[in-house]
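Enquirer: Quick one: the structure is below, questions incoming.
The values are calculated or read from the model by the stated rules, or taken from the named source; none is laboratory data. These numbers were taken from a predicted model, which means no experiment stands behind them. Glycine gets a Cβ as well: all are built from the backbone with ideal geometry, and neighbour counts include every protein chain shown. Note: areas computed on protein heavy atoms with side chains; ligands, DNA, RNA excluded. Shrake-Rupley method; radii C 1.70, N 1.55, O 1.52, S 1.80 Å.
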Amino acid sequence: MSVSYMDFTSPSVQFSYDLSHNPFFKKDNRNYINSLSVNQLNTLGNYSLLDIYLSIGNVIEPHIHQNASELVYCISGAATVSIINPFTKELLNFPITPGQVANVPQGWWHYEIATADDTHLLAIFDAQVPEFIAASDMLRLTPASILAHTYCLDEAMVKETLAPITSTVVIGPPSGCKHSASREYTAPAAAVEPAAPEADVASPYAYPNLSPYRSNRDYSFSYPKRPPIIGNINYYWPFRGF
C-alpha cells in the first residue's frame, strides 16, 4: 500500500535507512535482529521487516503476529520455519535455504530455527508495525496455578520448570542456559507430501479442503472454489477480498 497522505515535498521525507541503527533484539554478536518500520522510514507504506542473524540451534521463540502475515526469506545459511495450522491442528516444518521462502499467515503460531551457522533471514510483514506476542511472556505471566489446574499438572513442577523465564526471550536458548550446552541439536523433520485430495464436500457449511496446498516441496498455490451462496447467506470463506 502506498503512502497517499505523505507530503513528498517536505524536508522530513525519508527514502533510505540503515537498519543497524535500529536494533530490535541482541542475544550476542552472532544472534540479533534489526528492524525497519514506518517509524524509521516514513515513506515505507504498509510494510515492515526484520533483519535476522542466527547461529545453528538458535531459535526465534514461538510467537504470533496478530496484525500481520510474515514472509520469511533465506539470504544465507539455512533455517526451518515451523507453523501450527489452527484449522488442521498440524505442526508443519518448512526447511529453507538461500533463495527460498516460507509464508506464515496472520495470527498463526510459529517459530524459526537456524540449522546452519551464519544464517541470515529477512522477515517481511504486511503491516506498518508488526505486533510480536511471545510464548515466553504467556508462560511467565500466566499463574502456575492456572496452568496446573487447566491442564491437570503438578503446580510445584510447573513453577520450577518456568522459573528461569523471567523476561521476553525472543532468541533462545537464553545466554547461560545450562540445558542447551549438553543437549545435541536435531533439526525438525520437514513437512511430508500430503495425501491425495479428498472428494468435494457437498455441505455448504464445511470449510474448504485446503489439504492439497500444505506441501513444503511445491510452493505454488491455487485457491479452492468458493462455497455456494444459499438464499441470502454467504457461508464462511477464509480468504478476504473474494
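Enquirer: Look through the range 1-39, keep the residues that are at pLDDT 90 or above and small (Gly, Ala, Ser), and return whichever of them is farthest from Glu131 (Cα to Cα).
Expert: Applying the filter and picking the extreme gives Ser16.
Residues checked against (1) buried (at least 21 other Cβ atoms within 10 Å of the Cβ); (2) small (Gly, Ala, Ser); (3) under 11 Å from the mean Cα position of the chain (by Cα):
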{"residue": "Tyr17", "(1), (2), (3)": "no, no, no"}
{"residue": "Phe25", "(1), (2), (3)": "no, no, no"}
{"residue": "Asp28", "(1), (2), (3)": "no, no, no"}
{"residue": "Ser55", "(1), (2), (3)": "no, yes, no"}
{"residue": "Ile84", "(1), (2), (3)": "no, no, yes"}
{"residue": "Leu91", "(1), (2), (3)": "no, no, no"}
{"residue": "Phe94", "(1), (2), (3)": "yes, no, no"}
{"residue": "Glu112", "(1), (2), (3)": "yes, no, yes"}
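Enquirer: Answer yes or no: is there a residue in the range 97-107 that is crowded, with 20+ Cβ neighbours inside 10 Å, of a type in the set (S, T, N, Q) and in a strand (DSSP E or B).
Expert: Taking every residue of the range 97-107 in turn, none turns out to be crowded, with 20+ Cβ neighbours inside 10 Å, of a type in the set (S, T, N, Q) and in a strand (DSSP E or B).
Enquirer: Out of the residues in the range 64-93 that are touching a Phe, Trp or Tyr at 6+ places or on another chain (Cβ under 6 Å) and of a type outside the set (Ser, Thr, Tyr), state the one that is nearest to Asn29 (Cα to Cα). Before the answer, list the steps.
Expert: Our first condition is that a residue be touching a Phe, Trp or Tyr at 6+ places or on another chain (Cβ under 6 Å); within the range 64-93, this holds for 64, 68, 70, 81-84.
In the following step, the residues that additionally are of a type outside the set (Ser, Thr, Tyr) were identified as 64, 68, 70, 81, 83-84.
Values: Ile64: 25, Ala68: 28, Glu70: 25, Val81: 22, Ile83: 27, Ile84: 30 Å.
Selected residue: Val81.
Enquirer: Ok, one more. Could you list, in sequence order, the residues of the range 140-180 that are closer than 23 Å to Asp28 by Cβ and part of a helix (DSSP H, G or I)?
Expert: Passing the criteria: Arg140, Lys178, His179, Ser180.
Enquirer: For the range 70-79, indicate whether the set of residues that are buried (at least 16 other Cβ atoms within 10 Å of the Cβ), farther than 20 Å from Pro95 by Cα and not small (Gly, Ala, Ser) is non-empty.
Expert: no
Enquirer: A further question follows. Would you please list the contacts, defined by Cβ atoms under 6 Å and residues six or more apart or on different chains, that run from a residue in the range 16-42 that is within 14 Å of Tyr53 (Cβ to Cβ) and free of Cβ contacts under 8 Å to residues at least 12 places away in the same chain to a residue that is hydroxyl-bearing (Ser, Thr, Tyr) and assigned to a strand (DSSP E or B)?
Expert: Lys26/Tyr32
Enquirer: Working only within the range 114-132, note down all residues that are open to solvent by 20 Å² or more (accessible area, probe 1.4 Å) and within 30 Å of Asn42 (Cα to Cα).
Expert: Restricting attention to the range 114-132, the residues satisfying the condition of being open to solvent by 20 Å² or more (accessible area, probe 1.4 Å) are 115-118, 120, 122, 124, 126, 128-132.
Listed by number, the residues that qualify are His120, Leu122, Ile124, Asp126, Gln128, Val129, Pro130, Glu131, Phe132.
So that you can scan it fast, the table gives a plain yes or no per residue for (1) within 16 Å of Met138 (Cα to Cα); (2) modelled with pLDDT under 95:
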| site | (1), (2) |
| --- | --- |
| Leu153 | no, no |
| Val170 | yes, no |
| Pro174 | no, yes |
| His179 | no, yes |
| Ala187 | no, yes |
| Glu198 | no, yes |
| Val201 | no, yes |
